[in-house]
Amino acid sequence: MKRILAYLLPAILLFSCTEKSKINFTISGKAGDEQCMLYLFGTDSRYERIDSFESEDNGEFHFEMETDTIIPLLLLLPKGELVPVYAEPDVEAFLKKDKLMKSGWCIDGGRTQALHDSISRELDACKGENQRMKMIEDFVDAHPISDVNIEIMRRYMIDIENPKAEKIRSRIASMGGIMQDQEFFASVKRRVEHKRSNILNRSFPAFNYTTAEGKKVTLSDYILRYTLVTFWASWNEESRKSMQALREIYEKTDTSGLAILNIALEHDTAKWRECIVSDSIVGDNVYDLKGWNSELIQEFTIPSIPYSILINPYQRVNEYGVQLDGAAERLDSLVKVHRKKEKEKELKKKKRR
């Protein structure tokens, strides 16, 4: 019996230590001077959800999550600032204002966070592109398996107006194998094989969604019509405002020749439904709970929302980065030209008969 207890006691102690070591990551701070809503979401598949939490009346907030590894996240503040957060086990982090950071904020807490904020301050202060690329190159070489690589490459090399595929490939190749195998970089490698200009005329990927009215829609439901696809979110004020421009497009364009599909990157479907009604958002409204990890978001390297893509009647990309304001007349013109061509084709067919 004593021998059994001698084996059991270390096991019990080990188990209890393991349980105690699993301490949550917490983040606190003050996001403003009044009550506000904040959002936290992952940069890759390690955290496939969007968490929302409300601050106190004075803007102070506290959020905690359970994690046994480092998870790279983005914190969305009320005024639209995106602040990178590295959730580390057993770390208490604090949101603080920082004039040296482009976002105006930093996170105090955790070794990975400190590493990120340090290189970010240097990159934000750097004026020359070549010098910035050299700094990124040196950082990746010095920290080949750091999660910080995800954020600095996303912000300074990938989500920019003219991303340079060769430089992106080169930097990813210089990372450690563990980092290259991360889904974020695996998807980036797949995407950089195609230049952004090659998005034009590319077949739009198949999808399956359910509208707010409960109707199931797929890509085939939009064949033979132009389709305006807009990515937005109820939690993003800028994208909510942009959706108002759809009303003019809906009213001034022949809707039998133009469909409107709004894909929301959501976590709170109740709020999404509420926004559709309160904002009178026209078109087919669907949501994607994968958020920034959505297949369509990754397929087209969409950098931010709102973002619109126009699909032609043959389900190929006709235009991307469509500006919704003032687009009604141009889209109506495209629809009319297409209708005219279709009628001419029909006439030719009849003549041949």
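The values are calculated or read from the model by the stated rules, or taken from the named source; none is laboratory data. Model, not experiment: these values are computed from the prediction. Counting neighbours? That spans all protein chains shown, and the Cβs are built from the backbone with ideal geometry, glycine included.
Okay, here's what the table says:
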| quantity | calculated |
| --- | --- |
| Cβ pairs under 9 Å, 6+ apart, first in the range 171-191 and closer than 16 Å to Ala142 by Cβ, second outside any helix (DSSP H, G or I) and of a type in the set (Lys, Arg) | none |
| Matching entry among Asp325, Asp332 (being in a loop (DSSP other than H, G, I, E, B), in the same structural domain as Leu261 (by TED's automatic domain parsing) and over 19 Å from Ala264 (Cβ atoms)) | Asp325 |
| Residue within the range 253-270 that is part of a helix (DSSP H, G or I), touching a Phe, Trp or Tyr at 6+ places or on another chain (Cβ under 9 Å) and within 21 Å of Thr210 (Cβ to Cβ) present | yes |
| The range 27-43, subset part of a loop (DSSP other than H, G, I, E, B) and either touching a strand residue (DSSP E or B) at 6+ places or on another chain (Cβ under 7 Å) or of a type in the set (Ser, Thr, Tyr) (or both), residue farthest from Lys96 (Cα to Cα) | Thr43 |
| Breaking point among (1) crowded, with 16+ Cβ neighbours inside 10 Å; (2) on the phi > 0 side of the Ramachandran plot; (3) not aliphatic (A, V, I, L, M), for Tyr320 | (2) |
| Residue in the range 260-267 that is within 23 Å of Pro205 (Cβ to Cβ), touching a Pro at 6+ places or on another chain (Cβ under 9 Å), in the same structural domain as Arg316 (by TED's automatic domain parsing) and among the β-branched types (Val, Ile, Thr) present | no |
| Failed condition for Val91, given (1) in contact with a Pro (Cβ under 6 Å, 6 or more places away or on another chain); (2) under 24 Å from Gly29 (Cα atoms) | (1) |
| Near pairs, Cβ below 8 angstrom, 6+ apart or cross-chain, from the range 306-333 (over 19 Å from Phe204 (Cα atoms)) to any residue that is charged (D, E, K, R) | Ala328/Glu248; Ala328/Glu251; Ala328/Lys252; Glu329/Lys252; Asp332/Lys252; Asp332/Asp254 |
| Matching residues in the range 59-70 - criterion: being free of Cβ contacts under 8 Å to residues at least 40 places away in the same chain and assigned to a strand (DSSP E or B) | Glu60, Phe61, His62, Phe63 |
| Any hit, the range 241-250, residues being modelled with pLDDT under 95, outside any helix (DSSP H, G or I) and of a type outside the set (Val, Ile, Thr) | yes |
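Yes/no per residue for (1) modelled with pLDDT of 90 or more; (2) surrounded by 21 or more Cβ atoms within 10 Å (Cβ to Cβ); (3) farther than 30 Å from Arg339 by Cα; (4) in contact with a Ser or Thr (Cβ under 7 Å, 6 or more places away or on another chain):
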position: Ile260; (1), (2), (3), (4): yes, yes, no, no
position: Leu265; (1), (2), (3), (4): yes, yes, yes, yes
position: Asp268; (1), (2), (3), (4): no, no, yes, yes
position: Glu274; (1), (2), (3), (4): yes, no, yes, no
position: Ser278; (1), (2), (3), (4): yes, no, yes, no
position: Ile281; (1), (2), (3), (4): yes, yes, no, no
position: Asp284; (1), (2), (3), (4): yes, no, no, yes
position: Asp288; (1), (2), (3), (4): yes, no, yes, yes
position: Glu295; (1), (2), (3), (4): no, no, yes, no
